Each structure stands twice: as C-alpha cells, then as structure tokens.
Amino acid sequence: MKSQYEISHKAPTLEEYKYLCSLVGLNDYINFNVAELSLKNSIFTVIVKDNNKIIGMGRVVGDGAIYFYIQDVIVHPNYRGIGMGKDIMNSLVEYLKENAPSKAFVGLFISNGKENFYKKYHFENYTPNINGTFTVINKCD
C-alpha cells in the first residue's frame, strides 16, 4: 500500500538535507558549510514529506542552458519500495522535458546497484565517445 506523502517543488532546509544525507551515508562526502548555498543555487528541487517530516528529495543542478545534472535523489530507507523514487524522478525528468533546450546534456551519478532504476529514464552510457569521470577538491582545513 502506498504511503500518503506530499511532493512539493521547493528546496529542503539545510537541516532536512543533512538529515537525509545522514540516512544514506553521505555525511563524509558533503561539505555542509556550503551546502545551503548549493541547495539555493539548484535549478529545480523536489522534496517529499510525510506528516511534515522530510522523507525524500531530488534536484536538478547545472548551468540552465546546455548542462543539467540530476543530483541528490534520496529516499528515506523506511519508504523505499513504494514508488517514491519513481515519483521524484518523474518530477525531475518532466521539469527537464519542459524547460531544457533541445540537445541539452543531462547527467547523473548512479549509486551501485541502482543502474536498472535509472535505465528506465534512459540514463546509460550509450555514447562510445564519452566516459564519465569526476574528481573531488580536498583542501586542508
């Protein structure tokens, strides 16, 4: 049975973001000192709440013209398997279909084991000339 949750198109608070990140083991990978600015600079954001408590989110980041990335698709572990991730992705993809120009590049990083979920949205390495890589800037504190 599907939970009665509410989806809205607004950014989570910093505390809500920290909470979701802690649930999925991202605390060591996100600089929360600048996360609020990152959330504010999102192009489009979706949050999901159950009785006013955040239980999921996703967002689109990028330059708003050529490059877009789907980022931070997070579902509370207790709410997985009821279609919430699909609802979040549907909202993000619908936004991009309506607002991104033709030939826009939309990328995302896929967590291990989630490849098939994102293939439903046509995210796969289908271009032989492009390999995705990334780096993280680490500064000494």
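Structure summary
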read-out	value
Extension gain (nm, one decimal) between Ser8 and Asn33, 0.36 nm per residue minus Cα-Cα	6.5 nm
Inter-label distance, nm, simple model (7 Å from Cα along the C-beta direction), Ile66/Ile110	2.5
Under Karplus coefficients 6.51, -1.76 and 1.60, residue-wise ³J(HN,Hα) of segment 95-100 in Hz, glycine/proline x	4, 5, 4, 7, 10, 7
Net lengthening on full extension, Lys49/Phe117 (0.36 nm per residue, minus Cα-Cα)	22.3 nm
Matching label, log10 I(q)/I(0) by the Debye sum over Cα atoms at q = 0.15, 0.20 Å⁻¹ computed from the structure shown, candidates (i) -0.71, -1.15; (ii) -0.80, -1.42; (iii) -0.81, -1.18	(ii)
List His122, His76, His9, ordered by accessible area with a 1.4 Å probe, largest first	His122, His9, His76
Rounded D (µm²/s) - segment 1-53, Kirkwood Rh over Cα pairs, Stokes-Einstein at 25 °C, 0.890 mPa s	202
Charged-residue dipole, Cβ positions (Lys, Arg, Asp, Glu), the chain about Cα centre, Debye nearest 20	280
Cut-off under 5 Å, modelled amide H: who pairs with Ile82 long-range	none
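The values are calculated or read from the model by the stated rules, or taken from the named source; none is laboratory data. Not measured: the values here are computed from a predicted model. Heads up, the Cβs are rebuilt from the backbone with ideal geometry, glycines too, and the neighbour counts pull from every protein chain shown. Each accessible area value is taken on the protein alone, full model and side chains, heavy atoms only, with ligands, DNA and RNA left out. Shrake-Rupley method; radii C 1.70, N 1.55, O 1.52, S 1.80 Å.
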